[in-house]
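> Just passing along the structure, written as structure tokens.
Bear in mind that the values in this text are calculations on the coordinates, not laboratory data. Keep in mind the model is a prediction, meaning the values are calculated, not measured. For neighbour counting, all protein chains shown are included, and Cβ atoms are generated from backbone atoms with ideal geometry for every residue, glycine included.
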Amino acid sequence: MKLIDSHAHLSFDAFKNDLDEVILRAQKAGVVAIINPTISVSDFKNALKVAEKYPNVFPALGLAPQIIEEELLKEFLSAINEFKENYIAIGECGLDFYWITEPKKVQFMLESFKTILEIVEKLKKPLIIHARSAHHKNAYVEIIELLETYNIKRAVFHAFLGSKKDVQAILRGDWYISIPTVYVRRKDLWSIVNDIPLDRMLIETDSPYLASRKGSRNEPSYIVDLLELISRITGINKDDIAYILTKNAIDLFELKCIW
Ligand SMILES: [Zn+2]
């Protein structure tokens, strides 16, 4: 069985001391590839070092909306050209109404995201989307509208924690929905799993966050907990699910199978 963790922050300090063991456990669990999205250019530079050592960890170049500001945006926009050969996707980028609340900052976040989408449309690389609704603002609705405006066809909504209505809205486009490992401990989200057709689903750990095992740092090998859950909910056997979800990730990110 071959699995792909579509979202793990292996360039974060949380993995500084034991990345070798983390990767080894992932391999033993059947994880053949890991997408390492980044939140800033400096994070991306660390991701490049990780990728050099572990060619199955593929970096994406991103700027997280929670930390976006003028200087970081400038740096990010020039890195898009500078490192064109070194990333497989743009992300994570998006809208976060939980952390960004001040009207001026919300405005800047929106304008920045539009600038990024304009570039992604020309780049022909997929987009990894961070969407967080809060304070009566639905990030999914706003992002979907923008994806349509900018004609973005290849994208994944990472760590999906939206509503059933949001699922339906995403499925009307061509985009993927990525389920995080935290679903294992969130019974309230289980019915969402059946709402997403397997051919539009990805799976992720969002390591070091959103762990399936309470109180622990998340890591790519825990993706098997999620596979187990999806199998239990859908009644489809694990091998078949793994086959479809791995193919989805290969298609979206145009991964060269080096495993
Ligand atoms: Zn993330």
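> Assigning unit charges at the beta carbon (Lys, Arg +1; Asp, Glu -1) and nothing else, what dipole magnitude in debye, to the nearest 20, does the range 3-253 show about its Cα centre?
460
> Work out from phi, with θ = phi - 60° and the Karplus expression 6.51 cos²θ - 1.76 cosθ + 1.60, the ³J(HN,Hα) of each residue of the range 163-177, listed in order in whole Hz, and give x for Gly and Pro.
Using θ = phi - 60°, the values come out as 9, 4, 5, 4, 4, 4, 5, 5, 5, 5, x, 9, 7, 9, 10 Hz.
> Additional query: In the range 181-228, what trypsin sites (Lys or Arg not before Pro) fall in a loop by DSSP, with at most 12 other Cβ atoms inside 10 Å?
Lys214
> Let me ask something additional. Considering amide H positions built from the backbone, and no H for Pro or chain starts, which residues 5 or more places from Tyr176, or on another chain, come under 5 Å of its amide H?
Ala155, Val156, Phe157
> A further question on this structure: Among Asn86, Met109, Leu189, whose Cα sits farthest toward the positive end of the charge dipole of the chain (+1 at Cβ of Lys/Arg, -1 at Cβ of Asp/Glu, about the Cα centre)?
Going by the Cα projections, it comes out as Leu189.
> Next question, about the same structure. Please give me, ordered by residue number, the trypsin sites (Lys or Arg not before Pro) of the range 14-121 that lie in loop per DSSP and have at most 15 other Cβ atoms within 10 Å.
For trypsin sites (Lys or Arg not before Pro) across the range 14-121 that sit outside H, G, I, E and B with at most 15 neighbouring Cβ atoms in 10 Å, the list reads Lys16.
> If you don't mind, there's one more thing I want to ask. Where a ≥ b ≥ c are the square roots of the eigenvalues of the C-alpha gyration tensor, would you call the range 152-259 rounded, which needs a/c under 1.5, or, failing that, prolate if a/b is larger than b/c, or oblate?
Since a/c stays below 1.5, the shape of the range 152-259 is classed as rounded.
> Moving to a separate point now. Quick check: the distance between the Cα centres of the range 209-244 and the range 67-133, to the nearest angstrom?
A separation of 29 Å, based on Cα centres.
> What are the ³J(HN,Hα) values, in whole Hz, obtained from phi via the Karplus relation 6.51 cos²θ - 1.76 cosθ + 1.60 with θ = phi - 60°, for each residue of the range 107-120 in sequence order, with x given for Gly and Pro?
Coupling constants for the range 107-120: 4, 5, 4, 5, 4, 4, 4, 5, 4, 5, 5, 4, 6, 4 Hz.
> Report, in deg cm²/dmol and to the nearest 500, the calculated mean residue ellipticity at 222 nm for the chain, where each DSSP H run with n ≥ 4 adds -39500 (n - 2.57) and the sum is divided by the residue count. Intermediate values should be presented prior to the final figure.
Details: 9 runs with 110 residues, N = 259.
Rounded to the nearest 500, it is -13000 deg cm²/dmol.
> What is the range 3-253 by shape, rounded, prolate or oblate, if you read a ≥ b ≥ c off the alpha carbon gyration tensor as root eigenvalues and call it rounded for a/c under 1.5, prolate for a/b larger than b/c, and oblate otherwise?
Numbers: a/c = 1.56, a/b = 1.17, b/c = 1.33.
Oblate, because a/c is 1.5 or more while a/b does not exceed b/c.
> Among Ile39, Ile233, Pro220, whose Cα lies farthest out toward the positive end of the dipole of the chain, if unit charges sit on the beta carbon of Lys, Arg (+1) and Asp, Glu (-1)?
Result: Ile233, furthest along the dipole toward the positive end.
> Quick one: among Ser112, Ser40, Ser216, which has the greatest mean-square fluctuation in a GNM of the chain with alpha-carbon springs under 10 angstrom?
Of Ser112, Ser40, Ser216, the most mobile in the Gaussian network model is Ser216.
> Next question. Shape of the range 1-130 from its Cα gyration tensor (a ≥ b ≥ c, root eigenvalues): rounded if a/c is under 1.5, otherwise prolate when a/b > b/c, or oblate?
prolate
> Scan around Ser207 for amide H atoms under 5 Å from its own, H built in the peptide plane at 1.01 Å from N, and keep only partners 5 or more places away or cross-chain.
His9
> Then there is this: If contacts are Cα pairs under 8 angstrom and at least 6 residues apart, what is the relative contact order of the chain in percent?
Relative contact order of the chain: 20 percent.
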